[in-house]
1. When you go through 259, 281 one by one, which is the residue that is under 18 Å from residue 200 (Cβ atoms), surrounded by fewer than 24 Cβ atoms within 10 Å (Cβ to Cβ) and at pLDDT 95 or above?
2. Can you spot a residue in the range 207-224 that is closer than 30 Å to residue 119 by Cα, at pLDDT 95 or above and part of a loop (DSSP other than H, G, I, E, B)?
3. Looking at (1) touching a strand residue (DSSP E or B) at 6+ places or on another chain (Cβ under 7 Å); (2) modelled with pLDDT under 95; (3) crowded, with 23+ Cβ neighbours inside 10 Å, can you tell me which one residue 254 breaks?
4. Suppose we filter the range 225-240 for residues that are part of a loop (DSSP other than H, G, I, E, B), within 17 Å of residue 211 (Cα to Cα) and either in contact with a strand residue (DSSP E or B) (Cβ under 7 Å, 6 or more places away or on another chain) or touching a residue at least 12 places away in the same chain (Cβ under 8 Å) (or both); how many remain?
5. Quick check on my filter: what residues within the range 78-111 are in a helix (DSSP H, G or I) and in contact with a helix residue (DSSP H, G or I) (Cβ under 7 Å, 6 or more places away or on another chain)?
6. For the list (1) free of Cβ contacts under 8 Å to residues at least 24 places away in the same chain; (2) closer than 21 Å to residue 9 by Cβ; (3) outside any loop (DSSP other than H, G, I, E, B), I need the number of the one condition that residue 162 fails.
7. When you scan the range 23-77 for helices (runs of 4 or more DSSP H) that lie fully inside it, which ones turn up with 2 or more residues that are over 22 Å from the mean Cα position of the chain (by Cα) and within 23 Å of residue 117 (Cβ to Cβ)?
């Protein structure tokens, strides 16, 4: 059975486990790791082999060396497919890889069939299409929160790769790395509960109400594009077509009208609860539970009830 390469970027994340789950339906699963990664976790979700590329030539520069490493590995092992995460870095590696191999590329897939056919959600979630690479092997970037990760234990063999990059791969050097401080809340794209605020929250100070409800529920905080553009909340918390895609068990939308741009980033949530004073807001078409009312009255009441039940 041919190998399926799963490219792991910046450690093992939920999307990594999703890709491993998808890859098991395509062939024998191999993970490509840059630097250190949780090999036990990769094995738990089906990685039978782990290729490790490390050293200054990989760590000291941006994505170009990583694309070269993966391209050389593809030529060596002739895999059935290559899966990468649909993140900023993952897409750039994928694009460079496709050029190096003169290969087709599919992005933002939510499912990949055994024959390499990818399911993609396009036009802000309004249309579902089936696509297939017509030249070369399937190189596919997988949209986070597309599938539920399922473990399938394996004992992976670890192989160190010889990294040989060119001067062209070293044109952009990393001069400093700054680790972003993480709070007590879960990562937005991996959270089981997300509470998001929109333009209806009114201002940045009022977002404390969104944060309070998220903390009571043990969830992450999100924001609509309108709220972000208005300066209510930082851009990295934007949920939507041009922000992050989330698929939690519970999504609470506070003061969000439900424009298609926002819906594209959260419509696969398992249960959606919306609070909006406009009974005609499009978000209610998507919501499992809707409350037509003033969020500044509804949310404090909900928070009080949650506290009583803790």
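The values are calculated or read from the model by the stated rules, or taken from the named source; none is laboratory data. Everything numeric here is computed off the predicted structure, so don't read it as measured data. All Cβ positions, even for glycine, are placed from backbone atoms using ideal geometry, and neighbour counts span all protein chains on display.
1. Details: 259 fails: at pLDDT 95 or above.
Result: 281 is the single residue among 259, 281 that is under 18 Å from residue 200 (Cβ atoms), surrounded by fewer than 24 Cβ atoms within 10 Å (Cβ to Cβ) and at pLDDT 95 or above.
2. First, pick out the residues of the range 207-224 that are closer than 30 Å to residue 119 by Cα: 219-224.
Going one step further and asking which of them are at pLDDT 95 or above, we end up with 219-224.
Subsequent filtering for residues that are part of a loop (DSSP other than H, G, I, E, B) retains 219, 224.
Within the range 207-224 (the criterion being closer than 30 Å to residue 119 by Cα, at pLDDT 95 or above and part of a loop (DSSP other than H, G, I, E, B)), the answer is yes, since at least one residue qualifies.
3. For residue 254, the exception is condition (2).
4. Here the count works out to 3.
5. Going residue by residue through the range 78-111, those that are in a helix (DSSP H, G or I) are 88-101.
Hits for the range 78-111 are 93, 96, 97, 100, 101.
6. Failing condition for residue 162: (3).
7. Working: elements: 39-44, 56-59, 64-77.
Fully inside the range 23-77 and qualifying: 64-77.
Every residue, every condition in (1) assigned to a loop (DSSP other than H, G, I, E, B); (2) in contact (Cβ under 8 Å) with a residue 40 or more places away in the chain; (3) surrounded by fewer than 19 Cβ atoms within 10 Å (Cβ to Cβ), yes or no:
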residue	(1), (2), (3)
168	no, yes, yes
195	no, yes, no
242	yes, no, yes
246	yes, yes, no
